[in-house]
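**Q** I'd like to ask some things about the structure below.
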Amino acid sequence: MSLNSVFADSIEKNSTRRRTKSPNRLAFERFMHNKLALISVIILLLITVMSIAAPLITHQSAWQTSLMQTDLPPSSTHLLGTDSEGIDLFARDLYGGRADLLIGFVDTIITMAIGIVLGGLAGYYSGWVDAVVMRICDFMFNFPFILLIIVIVAIFNVSNIWILILVMGFTSWPGITRLVRGLFLTIRESEYVLAAQISGASVWRIIFKHLLPNSLGPLVVNATLLMAGMIGAEAALAVVGFGVKPPSPSWGNILAGALNFLTLQTEPWVWVPPAALITLTILCINFIGDGLRDAFDPSFEK
Amino acid sequence: MGTYILRRLLGMIPMLFAITVFVFLMMHAAPGNAIESMLNPRIKDMAALQAQLIHQNGLDKPLPVQYVDWLGNFIRGDWGYSFAQGVPVRQLVLPALGNTLILAALAEVFILLIGVPLGIWQARRPYSLFDTSTSIVNIILFSIPYYIIAIFLIYFLAIKLHVFPSQNAVGTGPQAGSIVDHLYHALLPALSIALASSAVYSRYTRGSMLDVSRRDFTRTARAKGLTEGVVFRKHVFRNGMIPIVTQLGFDIGSLAGGAVILEGLFAYQGMGYITLQAATQRDYNVIMATSLIIAIGVLLGNLIADILYAVVDPRIRYQ
């Protein structure tokens, strides 16, 4: 097709009021064609709705202990039996999702916000700002994420879920910061940023209106992977007793409660459901992340 | 090369300084102090006794002086006393460090034996049945958190089949403490780390091998009539392994710290386990020693990664 005919074609399209699709619109359409990712979205939504609407699904309490009904096997009243304190496990599995999904969601937002601001400044200014931010990142990388959280949680005696969320959010930003910096460093050199600078746009305007929208793809993909990581991290912390503290239910601490020889051996209904829920949630989020990656970056397709 | 390593080692000094200051200040920011938590609040003259103990332990000196004292003692090998365990911290940490190193080394061996060959096999026939099926298994393994893999391994191999122990770093009986005994106890936790990590490694290896096998020099090697085996050994494999070797170096450090959860789960007496124990008992001296050692481990791991990179990739020249 010659250049003229392309031009004529686009004029014709404009005259028939068919707008050209934006890259993000195209990405969305590609995502909608990815079956695996769509199924994952549906399952994830189902898990989310079930944990938010938990009181509508079960009448059992997720906190009420009952000494007469400890360690019961599954029955019609207790769908997944009861734990060693007589709390209904089906209810705990449902309500537990709230804590994990909340941590995953809020911590992703906190981490992304810190990462975009710090990484954005480092990538935009480079020079000494970049050097300082990157040295802080290097420094943070020396302390394994999980270990740092455990030490902080232990020292400051964190038992509130919101403080746990803050601790997790404020220790996990170096990776995203590095990513944002790298993305911005390359885009910064492009002509439209120069044009914006010349026309007198402020730093934040350039970061949020020019640099950020143009690195949306990798950021969204990494945000989903981060969310999966956060949910996994909560459960990991709970397994060793530093996550959400009982009696508040979380998938991690239900799992932690089952980690003794007898329960593992004889009562699979205690530990298999929370383990499956954690895995399923992380698997779905990872598939969604993969789908988003393919959608935003068509060159990634086979 | 020698000067490069020397320069990198010197360059680590500011970072080491920052790490020690951070660890020191964090412990001092902790509410309450070790003396307070040791004393029974009901004893007579509690305040006077507390003041005396604080003075004796030098806790009333200015912070910089305390820091220098602590650092000096640490370098001389006096890591303080574990109040909760009733032994010097060094006696607690050194065996734990050994256990963690055994675990990390075994995990790396598994990763290299499972992940890398799998990636190479996948890359030989990309998009074949073998490649796609193992890739799906990899995604699933990668998505199952390693502690859940560990719980299933404990369930099947330790509880159902009684093949491996589910607890402790050393066993009991005449064999206790021998190298075989150590490896036997480290096997399940190492396998739990390795299964998830090897999924990542095989993905890296596959991508890297595919990338190299499409390069011009590979085509040239084939075109001049080399056998497929020679092309693979001399051209594809050597170049494809460069990113993998670097990744391995980065993992050395993070393995030491990352195994915290697994050590807790298996009650494997390594660095992670004693840190967890100290954290629940608020045993500050132990936490300071372990977090410092782990941070230094990560720092050294990164250095090793950079050096390995220079060793395997002759194109990289550090001036």
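The values are calculated or read from the model by the stated rules, or taken from the named source; none is laboratory data. Keep in mind that this is a model prediction, so the values were computed, not measured. For neighbour counting, all protein chains shown are included, and Cβ atoms are generated from backbone atoms with ideal geometry for every residue, glycine included. The accessibility values were calculated without ligands, DNA or RNA, using every heavy atom of the protein model including side chains. Shrake-Rupley method; radii C 1.70, N 1.55, O 1.52, S 1.80 Å.
**Q** Specify the residue with the greatest mean-square fluctuation among A:Ala154, A:Ala195, A:Ala258, computed from a Gaussian network of chain A linking alpha-carbon atoms under 10 Å apart.
**A** A:Ala195
**Q** Helix-only mean residue ellipticity at 222 nm, chain B, DSSP H runs n ≥ 4 weighted -39,500 (n - 2.57), per residue, nearest 500. What is it?
**A** On the way: 13 runs with 224 residues, N = 319.
When only DSSP H runs of four or more count, the value is -23500 deg cm²/dmol.
**Q** What Kirkwood radius, in Å to one decimal, follows from the Cα pairs of region A:103-250? Don't skip to the answer; put the middle values down first.
**A** Working: mean 1/r = 0.0611 Å⁻¹.
The Cα-based Kirkwood calculation yields 16.4 Å.
**Q** On to the next question. Leaving out same-chain residues fewer than 8 places away, which aspartates and glutamates sit with a Cα under 16 Å from that of B:Lys44?
**A** B:Glu36
**Q** Would you jot down the residues in region A:130-150 that end up with at least 50 Å² less accessible area in the complete protein assembly than in the chain alone, with a 1.4 Å probe?
**A** Buried by the other chains: A:Phe139, A:Asn142, A:Phe143, A:Pro144, A:Leu147.
**Q** Here is a further query. With equal scatterers on the alpha carbons only and no solvent term, can you work out the Debye log10 of I(q)/I(0) for chain A at 0.08, 0.09, 0.13, 0.16 1/Å?
**A** The Cα Debye sum returns log10 ratios of -0.48, -0.59, -1.00, -1.28.
**Q** What is the sum of charges around A:Glu267, taking Lys and Arg as +1, Asp and Glu as -1, for the other residues whose C-beta is under 13 Å from the C-beta of A:Glu267?
**A** Numbers: positive: none; negative: A:Asp71, A:Asp83.
Counting the neighbours of A:Glu267, the net charge comes to -2.
**Q** Is any helix in chain A, taking whole DSSP H runs, at least 24 angstrom long along its axis by alpha carbon and on average at least 1.6 on the Kyte-Doolittle scale, and which ones? Walk me through the intermediate numbers first.
**A** Numbers: long enough: A:35-52 (25 Å, 2.63); A:89-125 (53 Å, 1.10); A:216-239 (34 Å, 1.67); A:268-296 (41 Å, 1.08).
Flagged H segments are A:35-52, A:216-239.
**Q** Helix-only mean residue ellipticity at 222 nm, chain A, DSSP H runs n ≥ 4 weighted -39,500 (n - 2.57), per residue, nearest 500. What is it?
**A** Values: 14 runs with 207 residues, N = 302.
That calculation yields -22500 deg cm²/dmol at 222 nm.
**Q** With every protein chain present, what is the per residue accessible area of chain A (1.4 Å probe, Å²)?
**A** Working: 15010 Å² over 302 residues.
With the other protein chains kept in place, chain A gives 50 Å² per residue.
**Q** Right, something else. Specify the inter-centroid distance of region A:88-137 and region B:202-253, based on alpha-carbon positions, in whole Å.
**A** Measuring centre to centre over Cα atoms gives 36 Å.
**Q** Any idea of the total accessible area buried by the A-B contact, 1.4 Å probe, rounded to 100 Å²? Please list the in-between numbers first.
**A** Details: alone 16800 and 17920 Å², together 31180 Å².
It comes to approximately 3500 Å² buried between A and B.
**Q** Of the heavy-atom accessible surface of the protein assembly as shown (probe 1.4 angstrom), what whole percent is carbon and sulfur?
**A** Details: 20640 of 31180 Å².
Answer for the protein assembly as shown: carbon and sulfur cover 66 percent of the accessible area.
**Q** More than 27 angstrom separation, counting every C-alpha pair in chain B; what % is that?
**A** Details: 28890 of 50721 pairs.
The proportion of pairs with Cα distances above 27 Å equals 57 percent.
**Q** Out of A:Phe145, A:Phe242, A:Phe287, any idea which swings most in a Gaussian network model of chain A, alpha carbons joined below 10 Å?
**A** In this elastic network of chain A, the residue with the biggest mean-square fluctuation among A:Phe145, A:Phe242, A:Phe287 is A:Phe145.
**Q** Additional query: Pick out, in residue order, every one of the trypsin sites (Lys or Arg not before Pro) in region B:281-317 that is DSSP loop and has at most 16 other C-beta atoms within 10 Å; say none if there are none. Working shown, then result.
**A** Numbers: sites: B:Arg282, B:Arg315, B:Arg317; in loops: B:Arg282, B:Arg315, B:Arg317.
Answer in residue order: B:Arg315, B:Arg317.
**Q** Right, another one. Per residue, how much accessible surface does chain B expose to a 1.4 Å probe? Answer in Å², no decimals. List each step's numbers first, then the result.
**A** Details: 16170 Å² over 319 residues.
On a per-residue basis, chain B sits at 51 Å².
**Q** Taking every pair of alpha-carbon atoms in the protein assembly as shown, give the share separated by more than 44 Å as a whole percent.
**A** More than 44 Å apart: 27 percent of the Cα pairs in the protein assembly as shown.
**Q** In cubic angstrom, how much convex hull volume per residue do the alpha carbon atoms of region A:48-140 span? Let's see the in-between values first.
**A** On the way: hull volume 11.5 nm³, N = 93.
Taking the convex hull of the Cα positions in region A:48-140, it is 123 Å³ per residue.
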